[in-house]
1. Can you count the Lys pairs in the range 239-370 with C-alpha separation below 26 Å, eight or more apart or on different chains?
2. How high is the relative contact order of the range 85-197, given as a whole-number percent (alpha carbon pairs under 8 Å, six or more residues apart)?
3. What's the tally of Lys pairs in the range 47-176 whose alpha-carbon atoms lie under 30 angstrom apart, where the two lysines are 8 or more places apart or on different chains?
4. Rounded, prolate or oblate for the range 166-263? Axes are the square roots of the Cα gyration tensor eigenvalues, ordered a ≥ b ≥ c, and the cut-off for rounded is a/c under 1.5.
5. For G45, list long-range residues whose amide hydrogen, built 1.01 Å from N in the peptide plane, is under 5 Å from its own amide hydrogen.
6. About the Cα centre of the chain, how large is the charge dipole given +1 on each Lys and Arg Cβ and -1 on each Asp and Glu Cβ? Please answer in debye to the nearest 20.
7. How about the range 48-107: which GluC sites (Glu not before Pro) there lie in a loop by DSSP and see at most 12 other Cβ atoms within 10 Å?
8. Excluding N293 itself, what net charge comes from residues whose Cβ is under 15 Å from its Cβ, given Lys and Arg +1 and Asp and Glu -1?
Amino acid sequence: MDILSCLLWFLLTCVLAIALKSFSSGRKPGSGELPPGPSPFPVIGNLLELGDKPHKTLAMLAQIHGPIMSLKFGQVTTVVISSETMAKEILQTHDVSFCNRTVPDALLAHRHQDFSMAWVPVSTPWRNLRKICNLHIFSGQKLDANQDLRREKIQELLVYVKESCRAGRAIDIGQAAFNTTLNLISNTMFSVDMTDPSSDTARGLKELVWGIMEEVGKPNLADYFPVLKKLDLQGIRRRLTTHFGKMLELFDRMIDQRLMLRQQHGSAHAQSKDMLDTLLNISEDNGAEIDRNYIKHLFLDLFAAGSETTSSTLEWAVAELLRNPEALSKARSEIEQTIGKGKSVEESDITRLPYLQAVVKETFRLHPAVPLLLPRKASENIKVGSYTVPKDAQVLVNAWAIGRDANTWDKPHCFMPERFLESDIDIKGRNFELIPFGGGRRICPGLPLAMRMLYLMLGSFINSFDWKLEDGVTTPENMDMEEKFGLTLQKAKPLRAVPVPI
């Protein structure tokens, strides 16, 4: 204990010395007036005010201090944006000045920050990755060519739900959506299924992916006091190193197997049957554009973020529809009248289903998958509104608060898909009151695939089955809608429901 006490005193002394130095130095000349915010405590700043649901805490503070406010998290100045007007300033007007990231210490694991498209600075490697995604992975032409794959995975999901229906067995909605999305992504990447819906492997992968999201989303002292970075006192980077290692080892095996097959067939360029072949072909043509490390970390981003965000959004959508039977009835009637009762929903049907689209938008408004988006960093002192955001400040855009802003939305806490029926608001980063995928040049590149999957899964759930809540929940109003905060926003209690014939 004596050694531990000495270590703690040493750390406290270091932190106090740094804090006193920063306080004595005062504000940098020309930095301008910071946005208003709660008064910070010495050394720790406003860290105690974050709580376990920072998106909610910051939304409440914004009601007091305004839609642009500043806080001090340890040594880090953080500016929080909580209105569509201020979000437009950050994501569009001054996008060039805020396009890079504040990288959490946890993401130093396996040097993820050096290879991940989500975290590398805007640079030649980032532009190469973005171009590859836009042209070869998420283009309309590429997605249209893969429609049969999505149709197949939806049918497999429906077979699983039908079996549960016949047995009168409840299913975990989020887990079922996760399995389907995971298999779709793994087939798109490698032409193989990673799981089947009833396997323990699927549950293990979901726990692994959530573990990644949870660790990245945790408040980490190393992010607020750089002197603590090497120590990793909370073990966050250590645990993330383990999680990342399991994923990267899997991708290494898949790449090695594919390279061996390509050698055996004696072809320098294999036909691009999936994403891995496409990326290997690009790498062989121009290794400077993308190499093995970039390929693996791109897979890590798509695998982890793509499966978790899509499945959690689907779970929230079904939960809201079960709590709002009138909205569920409207969505089902629209699908039945448009394509026929019990028939499979096709991607070509989506444009003729405006209420289904409205349900998804309303779900994103109330439950954005990444409530604080990914953090940005000011590259210079920049004037936003009447305040100055100082260079190197961390900038958080609270999409959760913006989606519930009473100045923008009528009855902001009510689930009302109808609000979007006479509206041209979309989720593509052009309307800053609804930005679940972010905006500007760092908008999520997987948006087109995510939307296709959400519409297909939700439409199929609605048109193929009715749903009854598992025993113990007597009325939909009693459903537990508590949130669990990580980098993504999950239901704290998984939604379990019994499918019944329509």
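The values are calculated or read from the model by the stated rules, or taken from the named source; none is laboratory data. Every value quoted in this text rests on a predicted model; they were computed, and no experiment measured them. Reconstructed Cβ throughout: ideal geometry from the backbone, glycine too, with neighbour counts over all protein chains shown. Heavy atoms of the whole protein, side chains included, go into the accessibility calculation; ligands, DNA and RNA do not. Shrake-Rupley method; radii C 1.70, N 1.55, O 1.52, S 1.80 Å.
1. Values: K246/K273; K246/K296; K273/K296; K330/K341; K330/K343; K330/K361; K341/K361; K343/K361.
Counting lysine pairs in the range 239-370 gives 8.
2. Numbers: 56 pairs, mean separation 15.7, N = 113.
In percent, rounded to a whole number, it is 14.
3. 10
4. Working: a/c = 3.44, a/b = 1.38, b/c = 2.49.
It comes out oblate by the Cα gyration axes.
5. Placed amide hydrogens put G74 under 5 Å from G45.
6. Numbers: 59 positive and 59 negative charges, 192 e Å.
Value, rounded to 20: 920 debye.
7. Working: sites: E49, E84, E89; in loops: none.
Sites meeting the loop and neighbour criteria: none at all.
8. Working: positive: R111, R292, K296; negative: D114, E249, D252, D256, E289, D291, D301.
It works out to a net charge of -4.
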